Amino acid sequence: MGKSLTRKIIESHYVSGSMVPGEEVFIKVDQTLTHDINAVMTYLAFEAIGLDRIRTECSVSYLDHNLLYVDNKTPDDHIYLQSAAKKFGVHVSRPGNGICHTVHVARFGAPGKISMGGDSHTPHGGSIGMLCIGVGGMDVATAMTGVPMRLKMPRVVQVYLTGELKPGVNAKEVILEMLRRVSIKGGLGNVYEYVGPGAAKLEVPQRATITNMGAELGATTSIFPADEQVHKFLKAQGREEAYTELLPDEDAEYDERIEINLSELEPLISCPHQPDNVIPLKDVERKPVQQVFIGSCTNTSYADVAKAALVFKGRQVNENVSCTCGIASRQTYKELLRDGYIDMLIDAGVRILEIACGPCCAIGQTPATEGIAVRTSNRNFKGRAGNPTAKIYLVSPESAAATAIKGTFASAEEILGEDVKKLAEIHEPEEYIVNDSMIIKPLPEEEAKKVEIVKGPNIKFLPVPEEPQQHLCVPVSLKGGDNISTDDITPASAEFSSMRSNIPLMSKYCYHRYAPDFSERARQMSKSIIIGGENYGQGSSREHAAINPMFLGVKCVIAKSIARIHKGNLVNHGIIPMLFEDPESYDKIDQGDELEINNLLDQIPTRKVEVFNKTKGFSFFVNLDLSDNEVEVVLSGGQLRFLKKQLAAQEK
């Protein structure tokens, strides 16, 4: 049998391990990316490792998420990140250049490369035939050392696309349909490889919408072939030399197959409070909408915004709706400005925001109390937009524009009628405006050695966990339910995002919206265990959702299941992730119960640990879904301690 695209790329980067799905494989990483609200911890970790310079082909630090300088903290972070990048040989994309994923695909990405990014939507790069994986910041720091990275060898699922999207139906509908079928955790351990005649008709930014939001499936990543569409895109970017055709074999073997006929798709909507709560837009209850946001890396390509602008043309935003648009990159903004689409938006009453991630992660444009917000972004968890009382719905740009006009949920066809067919005439530019003046290139190595790293007063130390002890007897500081997100653990917003360089301060707000008394309770307990339900730690890659509990003394998380990136972050930062062997044990544990583990260090390598509930007087077993390497990291007391030992051994 032939090979899938995914397998070909992993084989070409293989260093050691097993290529059997579910087993551990070590691979060479070509590129990394970080963004400002998570990156300070990454570069503090790289500093602590002690290398003078990165050892990847290309690493880029994007200053793109929090550009709302509410006080000194964020500008201090940006100055630190820019100076650290100069010191270590990292490119910098300056504030205003665009959102990391959009810019990276346009200006740095190349078919066949492997990239690891400190953001869960790093799979955006799968749109051009890259294998792009979202990880925590400590993993990015590790990748920058050139050390081969561990990966659980994924299952590869073929998604076979036929047909063609109808006018008014967006690539957003493809990923919403996938979420409806697969669920928010159904993709765990999978790579989704999109192929077929339908895939061949999708332009690169349409593919990016699908691969970007594939993160919501819990998948390792998603990928399209590097075909003529990718060739056309890279040529339009003035980077034709980066193109290499990369296709799966015609007789490629897959672990599963999903078929979607694009011609049958209709406008869909994701309802609160999970991305997989998807129904046809025509079936949603027509409630009054207070806010519409057209933006994020997921859905503000040139064609996305141009189509939304055509829906708005000659019409006005409803007087009861606040409608904003945040375009993903400076390049796209200039194209839209040149072709008159920005004028159409402004004439309709749409407010143009800064070129940044912004509202997607609750930095500006927080909805009203009990407000209904319609967004083209990727997540609608409770509190994701900065207000836990708000209800967030996810739609395509065409549907968002129609909704802003009507004041309630609507499709483009409802507004345009037969004229909806004109949307099919909109395509990406044949040639993009290229201006890389806001990308700072790395300094020569000798010059870089003279750079002083600048740390403002808000940038504190990187906490390093203790090594685990043989005997653990601690209380339960929190018992949580299903689908606890990293937004629940470390809240988003401009205010909270600016605290992430200061763990002593940020830890005071750990679980702030989910359990406001958690931080103080955990401090008083000194050491504790967290109990979680299904899909614990879903959502963003932010490793602060592991660092803050670790700083507060959390030693283990015992849950029914744990999201992939968060599990890796727990391991990296010295919290042992454990899974209930019998899920019914979860029901027997209460917050405050005292749990005891004897011979912990001896039990960890067996991947099965006995836990005794001293309060209730019963024992239960937990499993450790850890590879051999992860067991070593756990026993070392986290990735930083382990990596230092590894690098020291290499130097001998």
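The values are calculated or read from the model by the stated rules, or taken from the named source; none is laboratory data. Nothing here was measured: the structure is a model prediction, and the numbers come from that model. Here the Cβ is made from the backbone with ideal geometry for all residues, glycine too, and neighbour counts use every protein chain on show.
Some values worked out for this structure:
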| read-out | value |
| --- | --- |
| Scan of the stretch 8-62 for residues that are acidic (D, E), touching a residue at least 24 places away in the same chain (Cβ under 8 Å) and under 24 Å from P111 (Cβ atoms), ordered by number | D30, E57 |
| Residues of the stretch 139-166 that turn out to be part of a helix (DSSP H, G or I) and either surrounded by fewer than 24 Cβ atoms within 10 Å (Cβ to Cβ) or hydroxyl-bearing (S, T, Y) (or both), as a count | 1 |
| Scope the stretch 32-67; condition more than 13 Å from T142 (Cβ to Cβ) and touching a His at 6+ places or on another chain (Cβ under 8 Å); matching residues | L33, H35, D36, I37, N38, C58, V60, S61, Y62, L63, D64, H65 |
| All positions within the stretch 426-470 that are under 19 Å from G50 (Cα atoms), of a type outside the set (D, E, K, R), over 27 Å from the mean Cα position of the chain (by Cα) and surrounded by 10 or more Cβ atoms within 10 Å (Cβ to Cβ) | L443, A448, V451, I453, V454 |
| Members of the stretch 122-138 found to be closer than 17 Å to G218 by Cβ, in contact with a Gly (Cβ under 8 Å, 6 or more places away or on another chain), modelled with pLDDT of 95 or more and not in a strand (DSSP E or B), listed by number | T122, P123, G126 |
| Meets criteria (in contact with a helix residue (DSSP H, G or I) (Cβ under 6 Å, 6 or more places away or on another chain) and either of a type in the set (S, T, N, Q) or surrounded by 21 or more Cβ atoms within 10 Å (Cβ to Cβ) (or both)) for L67 | no |
| Pair list, Cβ < 7 Å and 6+ apart or interchain, from the stretch 176-190 residues that are in contact (Cβ under 8 Å) with a residue 12 or more places away in the chain to residues that are among the basic types (K, R) | L188/R564; G189/K152; G189/R155; N190/R155 |
| Members of the stretch 344-389 found to be in a helix (DSSP H, G or I), of a type outside the set (G, A, S) and more than 26 Å from A208 (Cα to Cα), listed by number | I346, D347 |
| Condition met for F621 (among the hydrophobic types (A, V, I, L, M, F, W, C), at pLDDT 95 or above, under 33 Å from the mean Cα position of the chain (by Cα) and more than 21 Å from G17 (Cα to Cα)) | yes |
| Residue within the stretch 533-551 that is surrounded by fewer than 20 Cβ atoms within 10 Å (Cβ to Cβ) and under 19 Å from G637 (Cα atoms) present | no |
| Matching entry among R379, R384 (being under 28 Å from E335 (Cβ atoms) and crowded, with 24+ Cβ neighbours inside 10 Å) | R379 |
| Within the stretch 245-337, strands (runs of 3 or more DSSP E) holding 3 or more residues that are in contact with a Pro (Cβ under 7 Å, 6 or more places away or on another chain) | 291-295 |
| In the stretch 430-484, the residues that are within 30 Å of K235 (Cα to Cα) and either outside any loop (DSSP other than H, G, I, E, B) or charged (D, E, K, R) (or both) | E430, E431, D436, I439, I440, K441 |
| Flag if A252 is farther than 26 Å from S120 by Cα, over 24 Å from the mean Cα position of the chain (by Cα) and of a type in the set (A, V, I, L, M) | yes |
| Answer residue from the stretch 156-202, given it is basic (K, R) and over 20 Å from the mean Cα position of the chain (by Cα) and is farthest from C132 (Cα to Cα) among those | K166 |
| Elements of type strands (runs of 3 or more DSSP E) contained in the stretch 39-118, each with 3 or more residues being closer than 19 Å to G129 by Cβ and at pLDDT below 95 | none |
| Residue ID - farthest from S561 (Cα to Cα), chosen from residues in the stretch 188-221 that are assigned to a helix (DSSP H, G or I) and of a type in the set (A, V, I, L, M, F, W, C) | A200 |
| Tally, over the stretch 577-594, of residues that are in contact with a Lys or Arg (Cβ under 7 Å, 6 or more places away or on another chain) and touching a residue at least 60 places away in the same chain (Cβ under 8 Å) | 5 |
